[in-house]
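The values are calculated or read from the model by the stated rules, or taken from the named source; none is laboratory data. Fair warning: this is a prediction, and the values are worked out from it, not measured in the lab. Neighbour counts are summed over all protein chains in view; Cβ atoms, including those assigned to glycine, are modelled from backbone coordinates with ideal geometry. SASA here: full protein model, heavy atoms, side chains in, ligands and nucleic acids out. Shrake-Rupley method; radii C 1.70, N 1.55, O 1.52, S 1.80 Å.
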Amino acid sequence: MSSELLISDSKPRPEGLRKLCEGETVILPRDITPSKCAYFLKQNIVLISYIFIHIIITIILNRLALSAHGNTLIIILAALLITISLFLLLLLPYLNCSRYKLTCLDDDCKFKLLAEVITHKPNVDLSTWDRIAYDMNQFVYDRRICADRSFFYDGSSCYQVFKKLVATPYLVNSNMNSIYADLEMRSNAATNINGSGNSSLHIELGTYIFKALAVFRNSVDKYWEDKYPEMGDTV
């Protein structure tokens with residue numbers, strides 16, 4: 001099991017009840033596989049194996065192309081395989097970035113992420129995102145988007161996806177009214193593109209983006225005020 005919840009109380013709990021009590025510890029893929037490189041290899045073992053086989057076949061074809069038995073077809077195949085292998089190698093870093101992880105999440109997962117932020121009020125201390133990462137790993141697994149409970153390596157990777165979904169586009173604007181207007185504009189644009197069938201869904205997603213961002217910003221402000229109380233005295 002790649003991720004589980006260690007609970008001091010061993011009594012069984014109803015399915016779906018995931019509230020943590022005092023003394024409980026969240027176990028993330030980071031705790032199972034401390035090396036990010038090993039985690040990445042494990043997550044992409046199928047593609048990496050495919051690339052490895054591809055490279056071996058490419059080497060064999062290149063040797064044949066350079067030998068006396070080489071012909072035009074072999075040369076073309078070798079060149080094609082080299083191009084494909086390079087493309088797959090360049091694809092690997094993308095599979096590890098937050099933008100790709102965000103594209104893997106459906107609308108229900110995005111709503112869940114926003115709801116988790118609103119509920120748990122994380123801040124820039126990445127440890128505050130560990131619980132959210134755990135809950136999201138379970139949710140993504142239940143949705144069969146990921147084969148196991150290791151979609152997010154740690155709280156930091158969950159935070160990066162949240163920033164892609166919410167913070168990066170909107171934190172640059174300090175005016176909440178402008179943010180809300182921008183969200184409405186984006187929701188309307190999404191409605192026009194996708195048709196009227198999902199209009200309410202896109203509007204609601206925009207609303208929860210606004211709420212989650214407001215909660216996050218307040219939580220961040222409180223974090224810095226608590227850490228440096230002298231900053232509040234100067235305002």
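For a 27 Å ceiling on Cα separation, which of these pairs sit above it: 36/101; 36/227; 36/163; 42/222?
Values: 36/101 16 Å; 36/227 30 Å; 36/163 20 Å; 42/222 38 Å.
Cα-Cα > 27 Å for 36/227; 42/222; rest within.
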Q: In nm, give the distance between the simple-model label positions of residue 128 and residue 204, each being 7 Å from the Cα along the Cα-to-Cβ direction.
A: 2.8
**Q.** Residue list for region 134-156, given a label point 7 angstrom along the Cα-to-Cβ vector of residue 46 and an amide N cut-off under 13 Å
**A.** 145-148
Q) Which value, in Å² rounded to 10, gives the accessible area of residue 159 with a 1.4 Å probe and all protein chains present? A) 30
Q: Mind checking which of 155, 137, 91 is farthest towards the positive end of region 81-155's charge dipole, using Cβ charges of +1 (Lys, Arg) and -1 (Asp, Glu) about the Cα centre?
A: 91
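Ordering 32, 27 by how much accessible area each has at a 1.4 Å probe, largest first, what is the list? Can you show the working numbers first?
Numbers: 32 85, 27 25 Å².
Correct descending sequence by accessible area is 32, 27.
At a 1.4 Å probe, what is the % contribution of carbon and sulfur to the accessible area of region 104-153? List each step's numbers first, then the result.
Working: 920 of 2020 Å².
Taking all protein chains in place, region 104-153 shows 46 percent carbon and sulfur surface.
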Q: Give me the accessible area of residue 72, 1.4 Å probe, in Å² rounded to the nearest 10.
A: 100
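Find the accessible area per residue for region 84-168; the probe is 1.4 Å, ligands and nucleic acids are left out, and the unit is Å². Write out the running numbers ahead of the final one.
Numbers: 3750 Å² over 85 residues.
Accessible area per residue: 44 Å².
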Q. Label 7 Å along Cα→Cβ of residue 227; region 113-130 residues with amide nitrogen under 17 Å?
A. 121-130
Q. Once you put a point 7 Å from the Cα of residue 38 and another 7 Å from the Cα of residue 87, both along the Cβ direction, what distance in nm separates them?
A. 3.4
Q) Heavy-atom accessible area of residue 37 with all protein chains present, probe 1.4 Å, nearest 10 Å²? A) 90
